[in-house]
Amino acid sequence: MAKGHFFSFEGIDGSGKSLMQQLVGKRLKETGYSVLLTKEPGGSDLGKQIRKWLLDQSSAALSAKEELLLFSADRVRHVDLVIKPALAAGKIVLCDRYIDSTVAYQGGGRGLDKDFIERINDFATGGLKPELTFYLDLPLEIARRRQKTQLDKIEQQNGNFFQTIIDSYRQLALQYPQRIIRIDATSNITAVAEKICLHIEDYLAKAGCSHE
């Protein structure tokens, strides 16, 4: 049994999930918790190579099936060599993207079978799921304005692609209401971070988890 706690952050590019991970991690560390910040793809040595291949504009185009399997290969290594050891050591793991990204992007965006993706996710993770997932819900037009100017291959997809992903995330939030917390990301950064922190702190208190 894991001693630590596992939380993930989800959303389309520009939703602020990476920033929220950093801000929440900073607050938890200041409170005295031992925290690991990680991400997918790229949270492991193999993941860094896969991330470059998947997102680099100069690399060859990949099919939806190839994308799915590469993300899954990264996830196997990431879970086994990074996340599980951190949980066993009692750390709080904050992950920028995890299984829900694959369902939303490769299922919703690319049109692959979502039930099959769920089975692949279970296989890759050994059934390890976050205790809470924070979905940063943001209208596409606002997310587009927030995005950096240098976009990777996936970020350059058209608006219909990303709207389908947003719809998939919202469906997931309805499907797993006990795990996925939908956060209105149109609020200011401080308010969004505070809301997430309160959710996590309340969860940890109920779980009987105390900081060092």
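Odds and ends about this structure:
- Test result for S44, in contact with a His (Cβ under 6 Å, 6 or more places away or on another chain), in contact (Cβ under 8 Å) with a residue 12 or more places away in the chain and farther than 19 Å from C209 by Cα: yes
- Test: residue in segment 94-117 that is part of a helix (DSSP H, G or I) and exposed (fewer than 14 other Cβ atoms within 10 Å of the Cβ): yes
- Restricting L28, L19, L46 to residues that are at pLDDT 90 or above and more than 27 Å from D167 (Cβ to Cβ) narrows the list to L28.
- Take the conditions (1) surrounded by 18 or more Cβ atoms within 10 Å (Cβ to Cβ); (2) within 27 Å of L140 (Cα to Cα); G4 misses just one of them, which is (2).
- The listed residue being farther than 13 Å from G16 by Cβ, modelled with pLDDT of 95 or more and not aliphatic (A, V, I, L, M), out of Q178, Q156, Q163, Q150: Q178
- Odd one out for P130, checked against (1) within 21 Å of L37 (Cβ to Cβ); (2) part of a loop (DSSP other than H, G, I, E, B); (3) free of Cβ contacts under 8 Å to residues at least 24 places away in the same chain; (4) not charged (D, E, K, R): (3)
- Residue check for A88: of a type outside the set (K, R), closer than 15 Å to E40 by Cα and in contact with a Lys or Arg (Cβ under 8 Å, 6 or more places away or on another chain): no
- Segment 160-197 - residue that is of a type in the set (V, I, T), within 21 Å of L28 (Cα to Cα) and surrounded by 15 or more Cβ atoms within 10 Å (Cβ to Cβ) and, of those, farthest from the chain's Cα centre (by Cα): V192
The values are calculated or read from the model by the stated rules, or taken from the named source; none is laboratory data. These numbers come from a predicted model, not from an experiment. Cβ coordinates were reconstructed from backbone atoms using ideal geometry, including for glycine residues, and neighbour counts include every protein chain displayed.
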